[in-house]
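Below: the structure, in structure tokens.
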Amino acid sequence: MFNQRPLELESVTSLKEFRVFLDRYEKEIFCDIELPAVHSAYWFANRGQFKELLDLDAELTESPSLRLFSEESLCVGRQHLRMLKPMYDQRLLQRYRKCVINGEAKGWNPIVFGIFLSIHSVPVREGLLQFGTQTWNGFINGIREQCGFSESECSKLLNKYVNHLPRWIEDVVVESDCAPDTLKAKFR
């Protein structure tokens with residue numbers, strides 16, 4: 001088996017390379033790690049399982065697949081935590097935030113997003129769809145501006161990946177429903 005190049009958004013210079021990057025990101029990161037992590041964080045927060053949230057944070061931190069995307073994910077996650085700061089009545093959220101501030105947790109975006117969905121009682125499928133739409137929108141529009149790709153081509157790409165979301169979301173939700181009490185993100 002050959003060694004596949006790491007996923008590097010910085011090396012993307014053409015629309016063809018961008019499509020390859022997005023296909024790999026979808027399979028290796030988004031579907032295998034991020035969506036299941038949001039789903040797990042959602043249920044851990046619903047159940048008040050703080051230790052499990054911290055364990056999930058540690059698993060994401062140790063994942064070699066996420067290393068290239070850690071800076072962005074942590075930045076977005078911590079920004080969301082700051083925005084949620086006024087929710088003092090949400091004990092689990094405040095405990096997690098305090099752990100992030102103290103360096104005991106990292107503050108990954110999928111975890112913060114899952115907690116947010118739980119706090120606001122957003123149905124899990126709707127929340128995962130929102131997470132996916134935001135993720136794809138950020139990637140595709142960010143690179144479009146950076147590389148000067150046409151808006152119409154990037155709109156087609158965005159539609160393609162957003163149209164995949166219901167299937168991927170269903171896979172995540174159904175898989176966890178089949179194995180009670182095993183709400184874990186898949187890691188390589």
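The table for this structure:
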read-out: Using alpha-carbon coordinates, inclination of helix 50-62 to the longest axis of the chain, degrees; value: 30 degrees
read-out: Charge sum, other residues only, whose C-beta stays under 12 Å from Leu84's C-beta, Lys/Arg counted +1 and Asp/Glu -1; value: +3
read-out: Cα centroid separation, the stretch 108-161 to the stretch 10-85 (Å); value: 12 Å
read-out: Pairs of lysines in the stretch 15-178 (C-alpha under 29 Å apart; 8 or more residues apart or interchain); value: 13
read-out: Overall Cα dimensions of the stretch 15-178, principal axis frame, Å, largest first; value: 45, 34, 29
read-out: Using alpha-carbon coordinates, inclination of helix 35-47 to the longest axis of the chain, degrees; value: 10 degrees
read-out: In degrees, nearest ten, helix 109-119 long axis to first principal axis of the chain (Cα); value: 50 degrees
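Readers should treat all values here as calculations from the given coordinates under stated rules, not as data from a laboratory. Here the structure is a predicted model, which means the values were calculated and not measured. Counting neighbours? That spans all protein chains shown, and the Cβs are built from the backbone with ideal geometry, glycine included.
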